[in-house]
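The structure appears right after this line, and notes come after that.
The values are calculated or read from the model by the stated rules, or taken from the named source; none is laboratory data. Just so it is clear, the model here is predicted, and its values are computed rather than measured. A quick note on method: Cβ atoms are made from the backbone with ideal geometry, for glycine too, and the neighbour counts reach across all protein chains shown.
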Amino acid sequence: MIKGFTIQVILRVLIILACCILTAYTIRLERWFTTGGSIILILFQVYSLINYVNKTNYSLVKFLNALKNEDYSVYFAPNNQGDSFTRVYEDFNRIIKNFKNNKIDKEAQFQYFKQILEQVGLGILSIKKDALFDNDAQQEILFFNRAASKILGQPQHKYWYRLSRQIPWLETEVKKLSEGGKSLIEIGNELEEKQLSLEVIDFKLLENSYLIITFQDIRSEIEQKEIEAWHNVIRILAHEMLNSFTPVSSLASTIKKMTEDKQGNIIHANELDDEILKDIHLAAKTIQKRSNGLLVFVKDYRTISNVPVPVIKNIYILSVLENIQRLMQASFEEHHIHFKINQVPSKAVIAADEKLIEQVFLNIIGNSIYALQDVSEPKITISVEIKNDVKLIHITDNGKGVDPAIMNQIFIPFYTTRKNGSGIGLSLSKNIMKKHGGGIRVNSEPFVATTFSLVFPG
């Protein structure tokens, strides 16, 4: 275009220049009629040049306005101004078409992600941050999905001020978290209560500050987990009680039959021979044993449900581990276990109740010793990992490990895979760690490495 446009302008300027020379020449010869014609010709050529340039500018302005206003219906038809302009107009049309297709693609992509966010169960709101502190009623809610409408019990309002008037606590909580953060909120009425997990994310986009507000009703999930936990506990309690009561009931029935005649009357003591007395004594002894077992079970239950409040103080990690080694040394030697404490910083401390934490170590190491039976080179290693916000103590063995199928059950009270196990060691240990504000993690690859990690807050 530039080359053709330049040639056209040069030609028109040369024609105007030639007409000027001709006019000067005719004036010198005093041929006034010819001079007048030359002047008219000059004016015509100037007008033609201006019109030619303006047509080019008009086309360019029309093209730029179409892009600025996103008016993709504009079309530049070919004309008789030459091949250069035809090619330019074709490029204009191609660019407008590309912009139009890009807009369609972006709109389709926007609708796609919008539909995804509409389908999730998480309530999502998005507003400009200014809407929190600006009384302008025209501050719009940028996004308000169906889950948010359902959880809040509100229609999908267009303006923030309307929603904040209907739910004043939402505006209050969002203002508190306007720089980002999380909180738990309980709302509801006499018919329904909800516990919302509210999170606000603050971010900037194109020099504007926005807030993404997400919330989820977690009460139903918590209640479901509680129900599942109760079902597990009830199942185990029922199993243990049946194991105890079934033989007790059977033996009590046997004793009853031994002390009755065929009519169901109690027989006299002198009618009982030595063999029957021995059987009654054995049955009573068995009943006592099972009853004692049930009492121990109930005592264990009370133990895990009544963990004392920890007396927290700073204790040296190395000192605790060395004490554990002394306590368990006899067991290590009996089972030929190689026990090792990896390098631990001498000044490293944890905030804990020493007696309770020792119980956690004893429970976990006791499980490791059991898991190392029939292993050719049994090993238990303890290592310490210190991070900015947590301290981790890893207890690793190369025993038979934990089957992935039961990984989620090993911390359930009374659940055990050991023949004579009580099933309270790990659940008690987890409860103790929770009392310390920490937790227990487990990672297992059978017969390679099983690691229980005690997590303490930094």
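Listing for the model above:
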| item | result |
| --- | --- |
| Number of the condition not met by TYR301 [criteria: (1) aromatic (Phe, Trp, Tyr); (2) in contact with a Leu (Cβ under 9 Å, 6 or more places away or on another chain); (3) at pLDDT 65 or above] | (3) |
| Condition check for ILE116: assigned by TED's automatic domain parsing to the domain that holds ASN208, in a helix (DSSP H, G or I), out of contact with any Leu (no Cβ under 6 Å at 6 or more places or on another chain) and modelled with pLDDT under 85 | no |
| Matching option when the condition is surrounded by fewer than 11 Cβ atoms within 10 Å (Cβ to Cβ) and modelled with pLDDT of 90 or more, among ASN306, ASN314, ASN342 | ASN314 |
| Criterion: among the β-branched types (Val, Ile, Thr), surrounded by fewer than 19 Cβ atoms within 10 Å (Cβ to Cβ) and at pLDDT 90 or above - qualifying residue of THR451, THR417 | THR451 |
| Cβ pairs under 7 Å, 6+ apart, first in region 117-141 and within 16 Å of PRO168 (Cα to Cα), second at pLDDT 80 or above and hydroxyl-bearing (Ser, Thr, Tyr) | LEU132/SER178; ALA137/TYR159; ALA137/TYR161; ILE141/TYR159 |
| Failed criterion for VAL402 (all others in (1) over 20 Å from ILE312 (Cβ atoms); (2) surrounded by 13 or more Cβ atoms within 10 Å (Cβ to Cβ); (3) more than 32 Å from the chain's Cα centre (by Cα) hold) | (3) |
| Cross-chain or 6+ apart pairs with Cβ under 6 Å, region 340-362 first and closer than 29 Å to ILE424 by Cβ, then assigned to a loop (DSSP other than H, G, I, E, B) and aliphatic (A, V, I, L, M) | ALA351/ILE312; ASP353/VAL311 |
| Strands (runs of 3 or more DSSP E) lying entirely in region 359-458 (those with 1 or more residues that are aliphatic (A, V, I, L, M) and over 21 Å from ASN323 (Cα atoms)) | 390-397, 439-445, 449-457 |
| Test result for LEU211, surrounded by 12 or more Cβ atoms within 10 Å (Cβ to Cβ) and either modelled with pLDDT of 85 or more or assigned by TED's automatic domain parsing to the domain that holds GLU179 (or both) | yes |
| Residue within region 387-397 that is more than 26 Å from the chain's Cα centre (by Cα) and farther than 27 Å from GLN343 by Cβ present | no |
| First in region 65-78 and touching a residue at least 24 places away in the same chain (Cβ under 8 Å), second anywhere and of a type in the set (Val, Ile, Thr), Cβ under 7 Å, 6 or more apart | ALA66/VAL74; ALA66/ILE96; TYR72/ILE96 |
| Conditions (1) loosely packed, with under 12 Cβ neighbours inside 10 Å; (2) at pLDDT 85 or above: number failed by GLY181 | (1) |
| Index of the failed condition, LEU142 passing every other in (1) surrounded by 14 or more Cβ atoms within 10 Å (Cβ to Cβ); (2) in a helix (DSSP H, G or I) | (2) |
